[in-house]
Amino acid sequence: MRAKNSQLKPAIILTSHTMGLGVIRSLGIMGVPLYVYYYDRKDMGYVSKYVREATLCPHPEKQESEFIRAILGSAEKLAGSLLIPADDATLSVVSRNKALFEKHFKVACPDWATTIKYIDKKYTYRLADQIGVPCPKTIVPENLAEVRRYSREIRFPCIVKPCESHKFFEVFGKKMTIVHSPEEMIDAYQEAADARIEVMLQEYIPGGDANGVNYNSYIHGEKTVVDFTAEKVRFSPPGIGVPRVVVSKYVPEVIEAGRKILNAIGYQGYSCTEFKKDPRDGVYKLMEINGRHNRSTLLAVRCGINFPWIEYAHYFNEDVEFNPNWKDGVYWIDELRDIIHSVKHFGEERYSFNQYIRPYLSPNVFAIFDAKDLKPFFKRLVDLMKMAAGYVLRPANIFALRPSNIKE
């Protein structure tokens, strides 16, 4: 699946944390010249050996005008390059301003009329209901009075879930909140409202981390060029966090539903649609749609399907060869996150030692560590050490560690 054209056009990757790093390596191994704009100094992808030039830029949503000017500043040098938003914040801004960016670049995302249907999940669930794709029961309250009323009718536990996940995560450091009582629901709603973040009240789908499945696909015209499914293994934190271990597995039950919702949206290009199997009825329920490359991009590449390269080739008419009969049983491991959370949640997760170690002894690919591209791993390690030191050295935490406060 190597590129035959020695004069490949550059790609501009917007952000370079785990998702961006996956895109960088997927295109870098194909020989694509890569330029990176990142807005978080804790990103690690921009130090990859595949990156020709990395530029720190303003936050795409907090400083949208400045962010746009920064990207357009490369228009003369990189005219005609492929612009790839690699997280939801950059995706939202680029999609809303796609017509402007298309004057200078090829843009690898839909326009805003399409993007809002999956970035704002209240529209996703509404559409799923209309076309018969199973999803959790969802209510979008307009005010606190409605939350109080619904809290007397809803079965607990349930989820207070943001309409736009990335905005909620940036403020609260989590994807959603599980609540077990009317009081917890009201508090969670009010906390989000104070941060000016719209939320939904959603049915809680029981089941472990391994009930989650990713449906990855690339759509061109009316044709699904290729699809790829994977099962989630471990989350951080368990249950409601982000995947830290995923395994390739053919899950035919989600393919029809995945294609159906994407076609209803009018989606083109790469996407990752997430489902969770409901143990109460055995049905996979739609969780969300990600219209950009996912955290475990490198898993599909390891299995023989390089989605970022397929996307690039589509825009520049490059030849693409791949084996649709991809490998089952290959693991993607976010190694540092897995080690940290395996220790932190050992008692809660109750995995056996063999279950913990199996992904490391099986065919696998790591999210960050790559013997041929070590700098991102060491940068991530140093950043985590700095974060840990900063936490320990906070005055409140130092006082908390006094001997008088430590229980025998």
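The values are calculated or read from the model by the stated rules, or taken from the named source; none is laboratory data. Computed from a predicted structure; not experimentally measured. Virtual Cβ from ideal backbone geometry, glycine too; neighbours counted across all protein chains shown.
For the reader, a short list of remarks on this structure follows.
- Of the numbered criteria (1) β-branched (Val, Ile, Thr); (2) assigned to a loop (DSSP other than H, G, I, E, B); (3) closer than 30 Å to Ile71 by Cβ, the one Val133 fails is (3).
- The residue of segment 63-93 that is nearest to Ala108 (Cα to Cα), among those that are hydrophobic (A, V, I, L, M, F, W, C) and under 17 Å from the mean Cα position of the chain (by Cα), is Ile84.
- Per the conditions (1) surrounded by 20 or more Cβ atoms within 10 Å (Cβ to Cβ); (2) in a loop (DSSP other than H, G, I, E, B), the sole criterion not satisfied by Phe156 is (1).
- Subset of segment 89-105 [out of contact with any Lys or Arg (no Cβ under 7 Å at 6 or more places or on another chain) and outside any loop (DSSP other than H, G, I, E, B)]: Ala89, Thr90, Ser92, Val93, Val94, Ser95, Arg96, Lys98, Ala99, Leu100, Phe101
- Test result for Gly207, out of contact with any Asp or Glu (no Cβ under 8 Å at 6 or more places or on another chain) and at pLDDT below 95: no
- Test set (1) part of a helix (DSSP H, G or I); (2) without any contact (Cβ under 8 Å) to a residue 60 or more places away in the chain - Thr114 fails condition number: (2)
- Selection within segment 273-308 - in contact with a strand residue (DSSP E or B) (Cβ under 9 Å, 6 or more places away or on another chain), over 15 Å from Trp332 (Cβ atoms) and acidic (Asp, Glu): Asp278, Glu288
- Selection within segment 354-408 - loosely packed, with under 10 Cβ neighbours inside 10 Å, modelled with pLDDT of 95 or more and not in a helix (DSSP H, G or I): Ala371, Lys372
- Conditions (1) free of Cβ contacts under 8 Å to residues at least 60 places away in the same chain; (2) in contact with a Pro (Cβ under 8 Å, 6 or more places away or on another chain): number failed by Leu78: (1)
- Residue satisfying all of: in segment 103-118; in contact with a strand residue (DSSP E or B) (Cβ under 9 Å, 6 or more places away or on another chain) and surrounded by 18 or more Cβ atoms within 10 Å (Cβ to Cβ); farthest from Lys260 (Cα to Cα) among these: Phe105
- Output for segment 123-138, where each listed residue is in contact with a strand residue (DSSP E or B) (Cβ under 8 Å, 6 or more places away or on another chain), of a type outside the set (Gly, Ala, Ser) and buried (at least 17 other Cβ atoms within 10 Å of the Cβ): Thr124, Tyr125, Val133, Cys135, Pro136, Thr138
- Taking the listed residues Val320, Val301, the one that is at pLDDT below 95, in contact with a helix residue (DSSP H, G or I) (Cβ under 6 Å, 6 or more places away or on another chain) and not small (Gly, Ala, Ser) is Val320, with no other qualifying.
- Residues located in segment 228-264, provided they are outside any strand (DSSP E or B), closer than 15 Å to Gly207 by Cβ and either more than 18 Å from the chain's Cα centre (by Cα) or modelled with pLDDT of 95 or more (or both): Val251, Glu253, Val254
- Of note, Glu184 satisfies the criterion of being modelled with pLDDT of 95 or more, buried (at least 16 other Cβ atoms within 10 Å of the Cβ), acidic (Asp, Glu) and part of a helix (DSSP H, G or I).
- Restricting attention to segment 278-305, the residues that are part of a strand (DSSP E or B) and more than 10 Å from the chain's Cα centre (by Cα) add up to 7.
- Taking the criterion of being within 23 Å of Glu311 (Cα to Cα), among the basic types (Lys, Arg) and not in a loop (DSSP other than H, G, I, E, B), the residues of segment 24-69 that qualify are Arg25, Arg52.
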